[in-house]
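Worksheet for the structure shown next.
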Amino acid sequence: AANTDSIASWLSSDSSNSGYNTSSDRPMNVADGNGNKFTDFFDISRSGSLIKLIKKDNWDGDFTISTSDSLADDGMTAIYKEVSTITDLPAKCFNGFRVKVIGDTEASQDDYYVEFRTSSGGGVGNGSWIECVGFDVEKGFDSATLPFSIINNNQDSFVISEVNYANRIAGDNLSNPNPSFVGREITNMFFFKNRLGFLSGDNVIFSEAGLGGEDEDGLFAYNFYRNTVSSLLDSAPIDISVSSRRVTTLESAVGFQDNLVLFSRTGQFVLKGADVLTPKTVSITPATNFDYDETVAPLPLGSYIYYPFKRGSFTGLR
């Protein structure tokens, strides 16, 4: 019965005369027919019952790995890239080890990623699996391409600066995609029910409820990414498009009587939600099909919203 110490030694052994005579039963550091050795491409380390293989930078290829034992294959398990359930992961592991957990369709759970963090902060030990961002995923977008803030810091003095936006901390491009304004023009912005909102094309994009949270440096940041993809929180960002037979570009948004009235050049829409606006309760319905002159913002006044429209060489008001 081999333990992980002997297995690790066997993996890194460079002896070609140690009794392993076949390609499937020999130290992996014995050169193959091309002169390549396992340790030419992997670093091997062991801690207790754990063996870690790290692919070196001199090789860009992928690989597969599997384990088998005489205990119905329950005595040893290989973890690489993904596991079926979170319960397949050990309570002790290497700090920073990341893996994908396959989602459960019966629980309406999408695929998600977790990273092991040791309780002591050391390199290996007991700890917890924390949800994280996926492999090779861009964490955010360029804040310099979004609206800037203008802050009046003194009499006749203003500071123009970039706005801080939170990066993606969970999921990947499929389970936690970029907001739809990325790569497109933002036509307007607004605040509604404690969320920052952008209009882009026929989409309405809301930030996380409460506008956002803290970034990696502990500073406030508007957040347009989900904080978790294992479940859909009521506070999660919202990205919804209008339903219309016409090509629609939203130009303005006005909060009115607990709803958000959206204006395009050829029609108006009403965005509704429950008492608390959430991704599960939000909806957009067409309201009217009046023309709208987008050069002037709609004005809510009393029990009405006033907005202009072009009438030949004149301007009308509805």
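The values are calculated or read from the model by the stated rules, or taken from the named source; none is laboratory data. Keep in mind it's a predicted model, so treat the numbers as computed, not measured. Neighbour counts are summed over all protein chains in view; Cβ atoms, including those assigned to glycine, are modelled from backbone coordinates with ideal geometry. Ligands, DNA and RNA are excluded from the accessible area calculation, which covers all protein heavy atoms including side chains. Shrake-Rupley method; radii C 1.70, N 1.55, O 1.52, S 1.80 Å.
Structure values in brief
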| item | result |
| --- | --- |
| Qualifying residue in the stretch 247-256 (condition: in a loop (DSSP other than H, G, I, E, B), under 30 Å from the mean Cα position of the chain (by Cα) and among the hydroxyl-bearing types (Ser, Thr, Tyr)) | yes |
| Number of positions in the stretch 50-75 that are surrounded by 12 or more Cβ atoms within 10 Å (Cβ to Cβ) and at pLDDT 85 or above | 5 |
| Neighbours by Cβ (under 6 Å, 6+ apart or cross-chain): first from the stretch 147-166, under 30 Å from residue 179 (Cα atoms); second open to solvent by less than 40 Å² (accessible area, probe 1.4 Å) and in a loop (DSSP other than H, G, I, E, B) | 149/163; 166/215; 166/223 |
| The lone exception for residue 183 - which of (1) under 18 Å from the mean Cα position of the chain (by Cα); (2) touching a residue at least 12 places away in the same chain (Cβ under 8 Å) it fails | (2) |
| Of the criteria (1) open to solvent by less than 90 Å² (accessible area, probe 1.4 Å); (2) more than 8 Å from the chain's Cα centre (by Cα), which one residue 176 fails | (2) |
| Selection count, the stretch 213-245, where residues are buried (at least 18 other Cβ atoms within 10 Å of the Cβ) and either at positive phi or touching a Lys or Arg at 6+ places or on another chain (Cβ under 7 Å) (or both) | 3 |
| Qualifying position, being more than 29 Å from residue 120 (Cβ to Cβ) and within 27 Å of the chain's Cα centre (by Cα), among 88, 60, 73 | 60 |
| Residue count for the stretch 257-310, restricted to those that are touching a Phe, Trp or Tyr at 6+ places or on another chain (Cβ under 7 Å), open to solvent by 40 Å² or more (accessible area, probe 1.4 Å) and not in a loop (DSSP other than H, G, I, E, B) | 5 |
| Checking residue 315 against (1) open to solvent by less than 50 Å² (accessible area, probe 1.4 Å); (2) part of a strand (DSSP E or B), the condition it does not meet | (1) |
| Qualifying residue in the stretch 93-106 (condition: in a strand (DSSP E or B), within 31 Å of the chain's Cα centre (by Cα), modelled with pLDDT of 85 or more and of a type in the set (S, T, N, Q)) | no |
| Meets criteria (surrounded by 13 or more Cβ atoms within 10 Å (Cβ to Cβ) and at positive phi) for residue 125 | yes |
